[in-house]
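Taking it in order: structure first as structure tokens, then the write-up.
The values are calculated or read from the model by the stated rules, or taken from the named source; none is laboratory data. None of these values were measured; they are calculated from a predicted model. Note: ideal-geometry Cβ built from the backbone for every residue, glycine included; neighbour counts use all protein chains shown. Note: areas computed on protein heavy atoms with side chains; ligands, DNA, RNA excluded. Shrake-Rupley method; radii C 1.70, N 1.55, O 1.52, S 1.80 Å.
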Amino acid sequence: MNDDKPQRRSERRPALVLVVLGGLGLLVFVVPLVGLLVRTPWSRLPELLSGDVVIDALRLSLVTSLAATAIAALMGVPLAWLMARVDFPGRSIVRGLVTLPLVLPPVVGGAALLFALGRRGLVGEPLNEATGLVLPFSTLGVVVATTFVAMPFLVITVEGALRNLDQRYEGAAATLGAGRWTVLRRVTLPMIAPSLVAGLVLTWARAFGEFGATITFAGNLQGRTQTLPLAVFVALESDRDTAVAVSLVMVVVSLIVLVALRDRWWRAL
Amino acid sequence: MDRRGFNKLVTLALFAFGVGCSGTTSSEVLVSAAASLTDAFAEVEAAFETANPGVDVVLNLGSSSSLRQQILEGAPADVFASANSSNMDQVVAGGEAVGEPTTFALNLLQIAVPAGNPAGITGLQDFANEDLLIGLCAEDVPCGDFGRQALANAGVIAAIDTNEPDVRALLTKIEAGELDAGITYVTDVRSAGGAVEGIVIPDDVNVVATYPIVRLTSAPNPDGAAAFVTFVLSGPGQTILASYGFTSP
């Protein structure tokens, strides 16, 4: 990353103002974590984390975040491919729509999902009449809400990689007689693999931490829809030690995944 | 900005920085009131100001627990109106209250159902029906605590589908028709207009939320505080509260 030494030589030390502002920027991320660590009841941690509320929420969070990531991969990669490679009218609008969940308050997303996919919703009502399926207040509803919020991370990462990919490699493979699927499988996917993995990791991490859309669309019931972030929120009202302990688990799990994968795959970003 | 607006801003700034209350004019009454009183107290404020020209009531609305915290930490206020007695008790214990608080309003629980009552709910016993979508407030929120008490009083074991973080979230899902029924306050059903219908919970199983009000010892405007409390307890004050679904004590 910092291989451009010749230009930097003259200025070994970064300017003080950069260090101060950059340091303050870092503090924005570090201070809340320190606050959490200071408030953690370390000696009671095992007891706090072995309660059935926490175990149920952890299991539900893992299942739903992995399911959301799988769905995002299944639909998000084709969507990214279409956006990167097919020049269709309204492509920039589609790009905007896909990135909307990144900036939308998740609660707004959750409410929109409720009005669209709820029992009395635009799509939800015919769906319910045809199949008897009710998404709100179900585990499947959690997966839908987290997919909505998290999938953009996968789509924009993979789309960016596809756009930057030198298409001559694919062209060469095709010239040599490789069919469409072979090109995709043997050339395209391996070349974008780092971005794909980075996108999957980000998607999973966002899904794992999702709160607003989940509670608004899927509600909050232990064992069915109460994921770890919801358990933290509810516990903050009554049992702050448990809330802090669960928050710590979320921070540790997310940090391990992000740091462990950073050096291997994040260069793609 | 005119001079009066500017003065208001300076006063607010002084409050915000906790510099003190020397900037407060004697004609201002700062009322810290529970969020569930928002609509009712806005009308009480207007009526009080009409009856007392030159007096400006400033409402500081929030959850009773956060208001209690502000008061105990020394934020200036003239009057505290709480949505439950436990937060008021802590203010009294902290030596911040003048005399004993007075209960000025009661709020009863009601079953809230979507307009038209599509699931045909008739009473709390329907909450045991597994096939219906039933929501309550979370256990640690006052409306969730009271709702569970009412269900226990009625001997109903509810088949709950969601524990909503606050009464507003619960109402939204009932309004949308996504939940068949929930338990909220009468005032919440009233404020939802036509989107939600209320079904009465019998008195013998209902749980009453009491709203106490008190003057504060650190009141910058003790006379204004007394006048406001008296007005809330008076006939006109009680009439306004009743129009929002509150019951007189």
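Only one of the listed residues (A:S50, A:S43) is closer than 30 Å to A:T139 by Cβ and modelled with pLDDT of 90 or more. That residue is A:S50. Restricting attention to region A:165-187, does a residue exist that is of a type outside the set (F, W, Y), more than 14 Å from chain B (Cβ to nearest Cβ) and closer than 30 Å to A:R39 by Cα? The answer is no; no qualifying residue exists.
In this structure, B:A169 does satisfy being outside any loop (DSSP other than H, G, I, E, B) and closer than 25 Å to A:A218 by Cβ.
Contact map, region A:237-264: first residue under 17 Å from A:D56 (Cα atoms), second residue at pLDDT below 85, Cβ cut-off under 7 Å, separation 6 or more or different chains; pairs are A:A243/A:L236.
The residue pairs whose first member lies in region B:229-249 and is surrounded by 15 or more Cβ atoms within 10 Å (Cβ to Cβ), whose second member is among the aromatic types (F, W, Y) and not in a helix (DSSP H, G or I), and whose beta carbons are closer than 7 Å, counting only pairs six or more residues apart or on different chains, are B:V232/B:F104; B:L233/B:F104. Filtering B:V44, B:V91, B:V29 for residues that are at pLDDT 90 or above, aliphatic (A, V, I, L, M) and not in a helix (DSSP H, G or I) leaves a single hit, B:V29. The residue that is farthest from the other protein chains (Cβ to nearest Cβ), counting only those in region B:173-189 that are part of a helix (DSSP H, G or I) and crowded, with 18+ Cβ neighbours inside 10 Å, is B:V186. Exactly one residue among A:L127, A:L113, A:L135 is within 14 Å of another protein chain (Cβ to nearest Cβ), open to solvent by less than 70 Å² (accessible area, probe 1.4 Å) and outside any helix (DSSP H, G or I), and that residue is A:L135.
Flag set for A:R185, criterion: open to solvent by 50 Å² or more (accessible area, probe 1.4 Å), among the charged types (D, E, K, R), assigned to a helix (DSSP H, G or I) and farther than 24 Å from B:P165 by Cα. Restricted to region A:215-228, and to residues there that are more than 11 Å from chain B (Cβ to nearest Cβ) and surrounded by 20 or more Cβ atoms within 10 Å (Cβ to Cβ), the residue that is farthest from A:A116 (Cα to Cα) is A:L228. The number of residues in region A:232-245 that are within 12 Å of chain B (Cβ to nearest Cβ) and open to solvent by less than 10 Å² (accessible area, probe 1.4 Å) comes to 1. Of everything in region B:134-160, what is open to solvent by 10 Å² or more (accessible area, probe 1.4 Å) and within 12 Å of chain A (Cβ to nearest Cβ)? Give them in sequence order. Within region B:134-160, B:E139, B:D140, B:V141, B:P142, B:D145, B:A158, B:A159, B:I160 qualify. Looking across region B:207-224 at every residue that is open to solvent by 30 Å² or more (accessible area, probe 1.4 Å) and either of a type in the set (F, W, Y) or not in a helix (DSSP H, G or I) (or both), the one that is farthest from B:L136 (Cα to Cα) is identified as B:P220. Screening B:D140, B:D131, B:D204 for residues that are without any contact (Cβ under 8 Å) to a residue 24 or more places away in the chain, within 26 Å of B:T103 (Cβ to Cβ) and part of a loop (DSSP other than H, G, I, E, B) leaves exactly one candidate, B:D140.
Residues satisfying the criterion are absent from region B:101-111 (criterion: in a helix (DSSP H, G or I) and either modelled with pLDDT of 95 or more or surrounded by fewer than 18 Cβ atoms within 10 Å (Cβ to Cβ) (or both)). Only residues that are of a type outside the set (F, W, Y) and within 14 Å of chain B (Cβ to nearest Cβ) were counted in region A:192-214, giving 3. Within region A:92-103, if we keep just the residues that are open to solvent by less than 50 Å² (accessible area, probe 1.4 Å) and among the hydrophobic types (A, V, I, L, M, F, W, C), the residue that is nearest to the other protein chains (Cβ to nearest Cβ) turns out to be A:V98.
Answer yes or no: is there a residue in region B:113-125 that is more than 21 Å from B:A169 (Cα to Cα) and open to solvent by 50 Å² or more (accessible area, probe 1.4 Å). There is at least one residue in region B:113-125 that is more than 21 Å from B:A169 (Cα to Cα) and open to solvent by 50 Å² or more (accessible area, probe 1.4 Å).
Among the residues of region B:190-206, those that are crowded, with 17+ Cβ neighbours inside 10 Å and more than 22 Å from B:A128 (Cβ to Cβ) comprise B:R190, B:S191, B:A192.
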